[in-house]
Amino acid sequence: EPNVNMRKLGKFLTKDLNDDGNVLWVDSLAMIPGSGGERGKFDIIILGYVLQEVSSAKGRLLVIEALWSRLKDEGVIIVVEPGSPKGFRYINAFRDWVLAKDRKSASIIGPCPHHG
């Protein structure tokens, strides 16, 4: 999260979950620790109103793929976008990206959790 005030709010909201320091807050993808072994791999990745900040479809795909590579096996990516036509398009594009993957490597929890 590049916005310092949003990071402060996020840290405040997750403080009870972060007694052991397992929640990592960074300014950008470039600041995520290296990915050697399990270092830099996460159980949960949350993209809250992130995709709308990326100006191109190719850029959004690069963000998704970069974060996907940082997800642990059995990990979850949560994507939240505004309930608008534009937000729907971003969520739907992400859904299509997941559906194009092998069912063993990715599944959708919601919305529309079916594959096909």
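Go ahead and run the numbers for FRET between LEU61 and ARG7, Cβ-Cβ distance against an R0 of 25 Å, rounding to 0.05. Can you show the working numbers first?
Values: r = 25 Å, r/R0 = 1.00.
Efficiency, rounded to the nearest 0.05: 0.50.
Enter the accessible area per residue of the chain (Å², integer; probe 1.4 Å; all protein chains in place). Before the final figure, lay out each step's value.
Numbers: 8210 Å² over 116 residues.
For the chain, the solvent-accessible area averages 71 Å² per residue.
I need the trypsin sites (Lys or Arg not before Pro) found in the stretch 24-111, filtered to DSSP loop residues with at most 11 other beta carbons within 10 Å of theirs. Intermediate values should be presented prior to the final figure.
On the way: sites: ARG39, LYS41, LYS58, ARG60, ARG70, LYS72, LYS86, ARG89, ARG95, LYS101, ARG103, LYS104; in loops: ARG39, LYS41, ARG70, LYS101, ARG103, LYS104.
In loop regions of the stretch 24-111 (DSSP not H, G, I, E or B), the sparsely surrounded trypsin sites (Lys or Arg not before Pro) are ARG39, ARG103, LYS104.
Measuring from label point to label point, each 7 Å out along Cα→Cβ, what is the ASP96 to ASN22 span in nm?
Placing both labels 7 Å beyond Cα along the Cβ direction yields 3.6 nm.
How many percent of the accessible area of the chain is carbon or sulfur, using a 1.4 Å probe?
Details: 4660 of 8210 Å².
Here it works out to 57 percent.
Mean-square fluctuation check for the chain, GNM, Cα pairs under 10 Å: which of ALA66, ALA30, ALA93 is largest?
Taking springs between Cα atoms under 10 Å, the residue moving most is ALA30.
On full extension of the chain, what length is gained from TRP68 through ILE108, given 0.36 nm per residue of separation minus the C-alpha to C-alpha distance? Kindly include the intermediate steps, with their values, before the conclusion.
On the way: separation 40, 0.36 × 40 = 14.40 nm, distance 1.37 nm.
Extra length from TRP68 to ILE108 when fully extended: 13.0 nm.
Run down the aspartates and glutamates and flag those whose C-alpha is under 18 Å from the C-alpha of LYS101, throwing out any fewer than 8 positions away in its chain.
Cα-Cα hits under 18 Å: GLU65, ASP73, GLU74.
With charges set only on the Cβ (+1 for Lys and Arg, -1 for Asp and Glu), what does the dipole of the chain come to about its Cα centre, in debye to the nearest 20?
Numbers: 16 positive and 14 negative charges, 66 e Å.
I would put it at about 320 debye.
Calculated from the structure, Rg and Dmax of the Cα atoms in Å equals which of [x] 14.7, 41; [y] 13.2, 39; [z] 14.7, 45?
Answer by label: [x].
Using a 10 angstrom cutoff on alpha carbons, build the Gaussian network for the chain and name the most mobile of ASP20, ASP96, ASP43.
Looking only at ASP20, ASP96, ASP43, the largest GNM fluctuation is found for ASP20.
The values are calculated or read from the model by the stated rules, or taken from the named source; none is laboratory data. What you see is a predicted model, and the numbers here were worked out from it, not measured in a lab. Quick reminder, even Gly has a Cβ in these numbers, built from the backbone with ideal geometry, and neighbours come from all protein chains shown. Note: accessible area is taken over every heavy atom of the protein model, side chains too, but ligands, DNA and RNA are not part of it. Shrake-Rupley method; radii C 1.70, N 1.55, O 1.52, S 1.80 Å.
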